[in-house]
């Protein structure tokens, strides 16, 4: 009875494949254009993300203009140079060898913005935790990312950007927040594992160490 | 060539079905227990969400204990009473008639927490936008929600909670942030549309009004 709302096995597999085979793509973008109908499907998937009080705060700036992408790329280069200086020795070498953005290689960029001053939803559900407006927009990003993977399209999230410079470049008003800057395009391949795992930057945590029972830090019947 | 990484039609349909048929469930939970293997699949899906610098900050407190759920339910009742007082007239009546949480009805609650002080990832990607740690945890929530829908399991996100009281109840340290409080369980039905749309609280925005071209507010070739 209670299992009656499960999808077919193939459909369930599609969802888990999208989750496990999604990658943060930086280096394998192809120049092939992204058809408008495909991009619209991805944006509609994002638009159907959950939002607190059904406020639907997410806005999608689709950027193909090369001058704007070049300005964002320069923003990234400055921020990345500053970030690289935090590391020393082999970590610094490792950092400099990482490819961390595909702003110019990807045919389309999408900046996903949270317009939290919308009147939609009449404030329902966000009195106690106002950040839920931003969280709604992140859900939109993840929807887009998973739908893109199913369509064979790579997405990379660039977070190494000065947000004030990005605001100026894209004309984002003070009432809104740029939550994610995404690069989208077809790819030569999807890596089998996350780049940062393959290149030895970090390892995957075990599932056991991230699950607690009833209280934070409590593993199984024991307290951490 | 470039379409070579697309999933099969059935798998693609599974992803879009999960996105479009996902609901924020509050009133249709069944008492049937959630098998441990199913819950573990959902948590592993969440654990495979993207995270900035592969920091993997998300922690999952699985709550079945009735005393703890009851304390959270009382937290919700107090916050909801306060929230209801913001509305007047027909909006107030409408608000009071909405069912906004299923904390006690759902057999399992999961509090998804961001442990942003982890050393994992060595800070990569979050110098300029530190909120990306929280955003990573939200991606984990959306992964869990979509995998749950595919498995026929309902999820409701309760955001009407006093975060300090929740922190005390669940023993969450100051270094961590409770991002989402989720109720999970099998359901009698999934609604065709979001509750807040069906009950007239808010309408779905059109896709056209949330997409801009190259700059914020720019629709097509015109500036808003």
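Structure notes:
- Most mobile of A:151, A:197, A:142 in a GNM of chain A (Cα contacts under 10 Å): A:197
- Number of partner chain Cβ atoms within 10 Å, mean per residue of B:52-59: 5
- Global geometry of the stretch A:154-223, whether rounded, prolate or oblate, following the gyration tensor of its Cα atoms and the 1.5 cut on a/c: oblate
- Only helices enter the 222 nm calculation for chain A: every DSSP H run of n ≥ 4 contributes -39,500 (n - 2.57), and dividing by all residues gives -11500 deg cm²/dmol, rounded to 500.
- Selected from B:36, B:214, B:193 as most flexible by GNM, with chain B as the system and alpha-carbon contacts under 10 Å: B:214
- Debye intensity ratio in log₁₀ form over the Cα atoms of the protein assembly as shown, taken at each q of 0.07, 0.08, 0.09 Å⁻¹: -0.32, -0.43, -0.54
- Within chain A, percent of DSSP bridges classed antiparallel, to nearest 5: 95 percent
- Reducing the stretch A:118-172 and the stretch A:36-111 to their Cα centroids gives an inter-centroid distance of 11 Å.
- Across B:135, B:87, B:186, mean-square fluctuation computed from a Gaussian network of chain B (C-alpha pairs under 10 Å connected) peaks at B:87.
- Cα gyration tensor category, rounded, prolate or oblate, for chain A with a/c compared to 1.5: rounded
No lab work stands behind these numbers, since they all come straight from the coordinates. Because the structure is predicted, anything quoted here is derived from the model rather than measured. Cβ sites come from the backbone with ideal geometry, for glycine too, and all protein chains shown count toward neighbours.
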